[in-house]
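The values are calculated or read from the model by the stated rules, or taken from the named source; none is laboratory data. Here the structure is a predicted model, which means the values were calculated and not measured. Backbone-built Cβ (ideal geometry, glycine too); neighbour counts: all protein chains shown. The area values use the complete protein model at the heavy-atom level, side chains included, leaving out ligands, DNA and RNA. Shrake-Rupley method; radii C 1.70, N 1.55, O 1.52, S 1.80 Å.
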Amino acid sequence: MIGEGQADVSRTLVLDGNAVGGLLQDIFEADMTASPTMCAHCGREGHIGNLLAFTHAPGVVLRCPGCEQVVLRIVVTPDATYLDARGAVFLRLKR
Amino acid sequence: MNTARRVMQVEQTLEWQIATVAAIKRETPTVKSLTLALPARRRNRAGQHYDIRLTAEDGYQAQRSYSIASAPEQAESIELTVERLADGEVSTYLHDVLVVGDQLEVRGPIGGYFVWEAQMGGPLFLVGGGSGVVPLMAMLRHRAAVGAHIPARLLYSARSPQEVIYGAELEALQAARTGLDVVYTFTRTRPQDWTGYARRIDRQMLEEVLTPFGLAARSFICGPTLLVESVADSMVQLGVAADRIRTERFGPTGGAG
Ligand SMILES: Cc1cc2nc3c(=O)[nH]c(=O)nc-3n(C[C@H](O)[C@H](O)[C@H](O)COP(=O)(O)OP(=O)(O)OC[C@H]3O[C@@H](n4cnc5c(N)ncnc54)[C@H](O)[C@@H]3O)c2cc1C
Ligand SMILES: [Zn+2]
């Protein structure tokens, strides 16, 4: 888990949500980067591709570009994938 | 589930596949382009990337993303352009070890966010730092392949003229007079008679390059994370609507200054 203060130290390592499009596509079997979502902390709406991605943490952490709070956290273990979506009001899957 | 639905799902499932290196081209002293032949070449969109996965004999894996450099219209193969980082794990392998005929585990194309297609219209404002020019080149190659005359401007930051990737091709695209112009800034070494920009991209430079071109342009910024963030911030300060700006942060990758 990244503590709030550490987010700045690793600034040069920050990527866009787009960079984890492959992992998201693995989970949802669809491109999620162009899909809208809403931050549960500040209400900001945007595309998943536009979230800030921290891939050097254990697992992948996606943060809101507005308030930098965690929107999604994904941990892949040898036999399961854990998705913590508490920070997202919704995720949208195209039918 | 009906057949159409199933076909669609199959298309959306990303599978790792084994690509074969069909050609390697040196672009600059630190950059090479790899042409990969794919058993299942899916049509891609300009701006998307592939993931590459290397597996060591002991099972250790390293995975990185590389933007597609070639136009979607290029059949059969895709081209990736890789900058060698002196201390980089994957880029040094791709540069120093990989030879034509080798196999490489890849999956893609990935991403629907940092994407431009001619039908989305323009004008198109592209800002690239170092190897950040790669997905922007795919957009310009796509624009040329479909014969679009959508006004486009590329602001390209490189350390020196020797480190400009695709220099000759960009010159030819400009000379074709289809409404593309390229503005360079050199952050370390410039030619003696150079009268253009010779500093990092800053707000004043963006004001001079973007404002006359039009703040309403669709903007794509790509390169090292800190460059992308500073350019995006400056553009918002200049009055560009945040939803006109799309970014692709490459991480600490050097090459821009
Ligand atoms: C969507 C996307 C598209 C990309 N497209 C391209 C492309 O087209 N062409 C291209 O050349 N690159 C591209 N990149 C960058 C590429 O994925 C790799 O990051 C790059 O090649 C470096 O990988 P590496 O294994 O060689 O270096 P790494 O071993 O990952 O190291 C990279 C640099 O980061 C530093 N570093 C790594 N980890 C840390 C850490 N924890 N703390 C501090 N410093 C650290 C290293 O010292 C080194 O300088 C893209 C990245 C993304 C996200
Ligand atoms: Zn938020």
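Looking at the range A:34-60 only, could you name the residues that are aliphatic (A, V, I, L, M), assigned to a strand (DSSP E or B) and within 14 Å of ligand 1 (Cβ to nearest atom)? Explain how you work it out, then say what you get.
Of the range A:34-60, the ones aliphatic (A, V, I, L, M) are A:34, A:38, A:40, A:48, A:51-53, A:57, A:60.
Okay, now just the ones that are also assigned to a strand (DSSP E or B), so A:38, A:52-53, A:60.
Those that are aliphatic (A, V, I, L, M), assigned to a strand (DSSP E or B) and within 14 Å of ligand 1 (Cβ to nearest atom): A:Leu52, A:Ala53, A:Val60.
Conditions (1) of a type outside the set (Val, Ile, Thr); (2) within 23 Å of B:Val99 (Cβ to Cβ), marked per residue:
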site	(1), (2)
B:Gln17	yes, yes
B:Thr20	no, yes
B:Thr28	no, yes
B:Thr35	no, yes
B:Ala46	yes, no
B:Asp51	yes, yes
B:Leu54	yes, yes
B:Gly59	yes, no
Checklist entry - Yes or no: B:Ile221 in a strand (DSSP E or B) and either within 14 Å of another protein chain (Cβ to nearest Cβ) or open to solvent by 10 Å² or more (accessible area, probe 1.4 Å) (or both)? => result yes
Checklist entry - Among the residues of the range B:67-76, is there at least one that is at pLDDT below 95 and surrounded by 11 or more Cβ atoms within 10 Å (Cβ to Cβ)? => result yes
Checklist entry - In the list B:Val228, B:Val240, which residue meets the criterion of being open to solvent by less than 40 Å² (accessible area, probe 1.4 Å), within 14 Å of another protein chain (Cβ to nearest Cβ) and of a type outside the set (Asp, Glu)? => result B:Val228
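A quick yes/no check of all residues on (1) open to solvent by less than 60 Å² (accessible area, probe 1.4 Å); (2) among the hydrophobic types (A, V, I, L, M, F, W, C):
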position: B:Leu34; (1), (2): yes, yes
position: B:Pro39; (1), (2): no, no
position: B:Ser65; (1), (2): yes, no
position: B:Gly88; (1), (2): yes, no
Checklist outcome for this item: The residue that is most open to solvent (accessible area, probe 1.4 Å), considering only those in the range A:44-72 that are farther than 14 Å from B:Phe114 by Cβ and away from ligand 2 (no atom under 13 Å from the Cβ), is A:His56
Next on the checklist: Out of the residues in the range A:29-43 meeting the condition of being open to solvent by 40 Å² or more (accessible area, probe 1.4 Å) and under 15 Å from A:Asp84 (Cβ atoms), tell me which one is nearest to the other protein chains (Cβ to nearest Cβ).
Outcome noted: A:His41
Item to check | Candidates B:Ser77, B:Ser70, filtered to the one that is more than 9 Å from ligand 1 (Cβ to nearest atom), away from chain A (no Cβ under 12 Å), in contact with an Asp or Glu (Cβ under 6 Å, 6 or more places away or on another chain) and over 21 Å from A:Val20 (Cβ atoms) | outcome: B:Ser70
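Could you go through the range B:217-230 and let me know if any residue there is more than 19 Å from the chain's Cα centre (by Cα) and assigned by TED's automatic domain parsing to the domain that holds B:Ala138.
The first filter runs over the range B:217-230 and keeps only residues more than 19 Å from the chain's Cα centre (by Cα), leaving none.
So far as the range B:217-230 goes, no, none of its residues is more than 19 Å from the chain's Cα centre (by Cα) and assigned by TED's automatic domain parsing to the domain that holds B:Ala138.
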